[in-house]
Each structure stands twice: as structure tokens, then as C-alpha cells.
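The values are calculated or read from the model by the stated rules, or taken from the named source; none is laboratory data. Predicted model only: the values in this text are computed from it and were never measured. Methodologically, a virtual Cβ is constructed for each residue, glycine included, from the backbone with ideal geometry; neighbour enumeration extends over all protein chains shown.
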Amino acid sequence: MDLVHSEETKRLISGLFAVQNEVGLGRHEEAYHQAYKIWVSEQALPVSSKPALPLLIEGREAIVLYPDFVAWDQIILELKALPRLLGMSEELQLFDYLRALGGRLGLLVNMGLDRVHVERRVYDPPATQISEDWSHWANEIAGKDREIGMAIRNSLHAIYESHRTGYSHAVTERLVLTSLAANGLTALVRPLAKAIFHQHVVHDSALECFVIEDRFVLTLTAQFDNNAFNISRGLSYLRTLELPWGVAVNFGRKELQVNALKSCGK
């Protein structure tokens, strides 16, 4: 089977070896980046350095992504200089860029070891779906709280309609916060709360959630296989913060999963 953009890839990789051979081993990532910019310019290749890829929600800029290089308007080349093997965080970053660009091929490059390491990643957008369970709010939530709840639901749907699912947590968080604001909602990010054991305060730290309009807790994950952890964490935060309503949200690889929560006291 033919490799995607095989000839273009060969040309790009040859430049990486030329850069490392001349610049040497163990240098800062920026040194390799600037040297590669010179090489692609000398070769007259259609490669841009750190182009802006904005993600918008309802006309608002949620986040701008800056891949290291985009070649032929469709190949992402992400360059690292780390004295270790590249891991999941670097791979997720590359896929964020591919999704934002609408490209199919990414090259994840590490210049930080004894030779250039290049990993090809082909991105084909999967079919996605939404799974929602609002049953814990049914016939329970009313008035202003219901209006807020509907605005939260609209915010999540706006993200799915524009960007589907599958971005990393950092990107997903910015999309959610921007969509909430676009729907007129205020959100406190990672509120502080005391951890108590046997009536002793053992720690005072941030909770991994948003508090929306001082009434709702929203717990968020990305790339998880299911929403179970989010639901449990959300119920725990409802008890800690003494709030009535919650939403557990997982922007998984192929599915947006949403579960409404309510406190035990409701």
C-alpha cells in the first residue's frame, strides 16, 4: 500500500538529517527549528513555520494552535529535541494540529537522541456520536437553574457541531470555556476546597472542575474511553462544594458523553 505523501516525506526527512549533522547533537529545540527554516528556504519547499491555526466557537476564538511546520498546506511536522522517547502527550499535540488543519499526515520528529527519529502518523477522522443522559434532571430542575442547564447543554452541542470530539484535554477545555461564555455563562475554573479527614483539614487545593453560575459543577475529560470516572468525581465535588447540580462531560476519541448529575440532597 502506498504511503501518504511519500515523496514529500522523503524530502522533509532528508533536511532533518542535514540539520542534525551540521548543528550537532544535544542542542536546544529552537536551534534545530531555525536551522530547518533555513534549509526549507534554500530548497524552495512550500513549508511555513508556526502558522496560526485558530479554533472558533460561535465566532469567538477559543484557542490558536501553532504547529512547528506545515508543508504543502497539508503535512504537519512537529519537531522536538528531547533526550527520551516521545510519548502520548507529544502524539496528542500532533493530532490536535492535524485536526485543526484538516490534514492527514503528521511527522513527529525528535532531534534529541543520537539520530533523527521520525514517526509518521496518518489521521483519518473517525465517525463520531453524542451520548446524553439527562434523566437526573428530569422533573427535578426548574426555573433559573433549568435555564442555566439548557445553556450548558447548548454550549456542549455547539462544540460538537463545530469540532466534533477527539482533541486533547488542554484544547477541549478552551473550547468548553469559550462556548460557555458565548452562551452567557460564567465559569470559575478549578475552585479551591479543603480536604477534611476526621475533622482535620489535611489539604487545601484546587478541584478539577468548573463551577458555572455558582450552581453547577462541570467535570471534564478528553480522550477517555467512558464517562464513569467523570461521574464519580462530579458527585464527589457536588458534596464538597454543596452545590445542587452537575454535568459530567467526556470528549472521547469517538464519542461525546454527557451525564447530568444532582446532589444527594436534591
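Please enumerate the residues belonging to the range 96-106 that are of a type outside the set (Ser, Thr, Tyr), crowded, with 17+ Cβ neighbours inside 10 Å and in contact with a strand residue (DSSP E or B) (Cβ under 7 Å, 6 or more places away or on another chain). Don't jump to the end; show me each part of the working.
Let us first name the residues in the range 96-106 that are of a type outside the set (Ser, Thr, Tyr), namely 96, 98-106.
Checking the rest, the ones that are also crowded, with 17+ Cβ neighbours inside 10 Å come to 96, 98-101, 103, 105-106.
Hits for the range 96-106 are Asp96, Leu98, Ala100, Leu101, Gly103, Leu105, Gly106.
Within the range 243-266, track down each residue that is in contact (Cβ under 8 Å) with a residue 60 or more places away in the chain, closer than 22 Å to Ala170 by Cβ and not in a loop (DSSP other than H, G, I, E, B). Don't jump to the end; show me each part of the working.
To start, the set of residues in the range 243-266 that are in contact (Cβ under 8 Å) with a residue 60 or more places away in the chain comprises 244-245, 247, 249, 251-262, 266.
From what's left, closer than 22 Å to Ala170 by Cβ: 247, 249, 251-258.
Those that are in contact (Cβ under 8 Å) with a residue 60 or more places away in the chain, closer than 22 Å to Ala170 by Cβ and not in a loop (DSSP other than H, G, I, E, B): Val247, Val249, Phe251, Glu255, Leu256, Gln257, Val258.
Look at the range 187-215 and say how many of its residues are over 18 Å from Ile152 (Cα atoms) and in contact (Cβ under 8 Å) with a residue 40 or more places away in the chain. Working first, answer last.
The initial filter retains those residues of the range 187-215 that are over 18 Å from Ile152 (Cα atoms), namely 191-207.
Remaining after also requiring in contact (Cβ under 8 Å) with a residue 40 or more places away in the chain: 191, 193.
Count: 2.
Only one of Asp73, Asp114 is part of a loop (DSSP other than H, G, I, E, B), of a type in the set (D, E, K, R), more than 19 Å from the chain's Cα centre (by Cα) and more than 25 Å from His163 (Cβ to Cβ). Can you tell me which? Outline the logic, then answer.
Values: Asp73 fails: more than 25 Å from His163 (Cβ to Cβ).
Answer to the check: Asp114.
Cβ contacts < 7 Å: first residue under 16 Å from Leu177 (Cα atoms) and outside the structural domain of Ala181 (by TED's automatic domain parsing), restricted to the range 54-70; second residue charged (D, E, K, R) and not in a strand (DSSP E or B), any location; separation 6+ or different chain. Result?
What qualifies is Ala62/Arg174; Ile63/Arg174.
Within the range 53-83, which residues are over 15 Å from His5 (Cβ atoms), among the small types (Gly, Ala, Ser) and crowded, with 21+ Cβ neighbours inside 10 Å?
Across the range 53-83, the qualifying residue is only Ala62.
Here's the yes/no breakdown for (1) buried (at least 20 other Cβ atoms within 10 Å of the Cβ); (2) of a type outside the set (D, E, K, R); (3) out of contact with any helix residue (DSSP H, G or I) (no Cβ under 6 Å at 6 or more places or on another chain); (4) at pLDDT 95 or above:
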| residue | (1), (2), (3), (4) |
| --- | --- |
| Ala182 | no, yes, yes, yes |
| Gln199 | no, yes, yes, no |
| Val211 | yes, yes, yes, yes |
| Leu241 | no, yes, yes, yes |
| Cys264 | no, yes, yes, no |
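Restricting to the range 124-146, give me the number of residues that are more than 29 Å from Arg99 (Cβ to Cβ) and surrounded by fewer than 14 Cβ atoms within 10 Å (Cβ to Cβ). Break it down stepwise before answering.
Going through the range 124-146, the residues more than 29 Å from Arg99 (Cβ to Cβ) turn out to be 135-146.
Narrowing the set further to residues that are surrounded by fewer than 14 Cβ atoms within 10 Å (Cβ to Cβ) leaves 135, 138-139, 142-144, 146.
Qualifying residue count for the region: 7.
What number of residues in the range 137-156 are in contact with a strand residue (DSSP E or B) (Cβ under 7 Å, 6 or more places away or on another chain), modelled with pLDDT of 95 or more and of a type outside the set (Phe, Trp, Tyr)?
Taking the range 137-156 as the starting set, the residues that turn out to be in contact with a strand residue (DSSP E or B) (Cβ under 7 Å, 6 or more places away or on another chain) are 137, 140-141, 145, 148-149, 152, 156.
So of that shortlist, the ones also modelled with pLDDT of 95 or more come out as 137, 141, 145, 148-149, 152, 156.
Filter once more, keeping what is of a type outside the set (Phe, Trp, Tyr): 141, 145, 148-149, 152, 156.
Going through the range 137-156 one residue at a time, the tally reaches 6.
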